[in-house]
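The values are calculated or read from the model by the stated rules, or taken from the named source; none is laboratory data. Given the structure is predicted, the values throughout are model-derived calculations rather than measurements. Ideal geometry is used to build each Cβ from the backbone, glycine not excepted, and the neighbour counts take in all protein chains shown. Protein only, heavy atoms only, side chains kept; ligands, DNA and RNA dropped before computing areas. Shrake-Rupley method; radii C 1.70, N 1.55, O 1.52, S 1.80 Å.
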Amino acid sequence: MLPSSIVSLKILLNAPLMVGSKHSCLFHVCTDRTHFSLKRAILKSRCVINSTMQHGPVFGHKTVHSDMPYRSANQVLGESEKDDSSHRRLISLKNKLDKHGLRLEYYTPGQYNNLLCPKCLGGISNERSFSVHIRENGLLAVWKCFRSGCGWVGVAQGEEPINGLKLEKPKNRRKLTEQGLGLMPLNDYLINYFRERGISRETLKRNRVMQKLTRTGKYWLPIIAFTYRRDGVLVNCKYRKLPKDFWQVAGTEKTLYGLDDIKGESDIIIVEGEIDKLSMEEAGFRNCVSVPNGAPQKISNKDLPNKQADRRFQYVWNCIDYLKSASRIILATDADGPGQALAEELARRLGKEKCWRVKWPRRDEDSFCRDANEALVHLGKQALREVIENAEMYPTKDLFTFNDSSQDVDDFGKVTTN
């Protein structure tokens, strides 16, 4: 065990210097056994003292002006969190500075940071000629190297926060297990329910579709549990109480259902429901995922929000690494209005140039199939395969398609002149 005097000395040497205190240049460490006098020569190994003290003390490699209180980056960002808009501005600005390789110890608005230039490293003399200033509003940072042989200048502009938007903070996601959620294998009643919808026991088993008992009045009833996984790990669970009552586990990551099935795939199919994803597998397409929360009622007439504000479609951005590598994305959403709105919203985010869409076939003389499961149940696996194989390029402003009639082609070839 170290002597108490050595322990006391170690604690003081590791403590921050007190700006403006008589102890900033000289410590007197007194113990019951020893009296130590630590002079500037000793302290110089921990901190470079500016002899004039005009610019304040240097901690590490940064200079803080003496009219600014010493606060670390964590302190400043933590305090700014009390003012939500100020906190968002500083976080945005910090991210922009990080991209330029500028990682400051202090992010106090109105403060200057003097340090070694990342470009010239202060030259031979290691001159601290690089100054970074954060404007008072926290939206702008400017910097310049005053070394004659360098002169690097730059500006980083943060983003003004959107009204009503809270900063997405790191979340402690719930760690889910099948046992913790009370999941168990499907009973015969639910297996038969899926069989009537064209879904085999093998498909249910491979996709780890399970059940959970829930209390309804005096009785415990089984509900369907669709398990969402990323790299085989359970990250979410969506429940379905028959006939059509859905909910998800709170505090979990929003992802696409069947995410592991599209990893590394060049062609990806996106459907509107978990049973539609299982139906695609019955038709031979495992490279299929389902959205987790259905479709919007209509297409938004607003510009796309930034990723942070795009709450409804957060699952897209959470899975974007899986989606962006695909060369073709087939949108096989439902045939109704909300389904078509979902297809449009997905295409806007994924890029219409790489999206394709399907046409659902007739169910009978009076109606069309609405989705993948209806096509499977009423027309069979081959008909569902043909739906995907006959998918068309998604229309853009500069793209149109001919109808099935050859007359459209003939009319297109006619040129009239006046």
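Just name the residue that is modelled with the highest pLDDT out of those in the range 104-134 that are farther than 20 Å from Ala156 by Cα and open to solvent by 30 Å² or more (accessible area, probe 1.4 Å).
Leu121
For the range 327-354, the tally of residues that are touching a residue at least 60 places away in the same chain (Cβ under 8 Å), crowded, with 18+ Cβ neighbours inside 10 Å and closer than 19 Å to Asp260 by Cα stands at 4. Within the range 270-284, the presence of a residue that is under 21 Å from the mean Cα position of the chain (by Cα) and either within 27 Å of Pro222 (Cβ to Cβ) or in a loop (DSSP other than H, G, I, E, B) (or both) is excluded. Only one of the numbered conditions (1) at pLDDT below 75; (2) out of contact with any strand residue (DSSP E or B) (no Cβ under 8 Å at 6 or more places or on another chain) is not met by Arg174, and that is (1). Taking Leu165 as the residue in question, decide whether it is open to solvent by less than 30 Å² (accessible area, probe 1.4 Å), modelled with pLDDT under 60 and under 25 Å from the mean Cα position of the chain (by Cα). Yes, satisfied.
Out of Asp260, Asp267, which single residue is charged (D, E, K, R) and either modelled with pLDDT under 95 or over 17 Å from Leu350 (Cα atoms) (or both)?
Only one candidate qualifies: Asp260.
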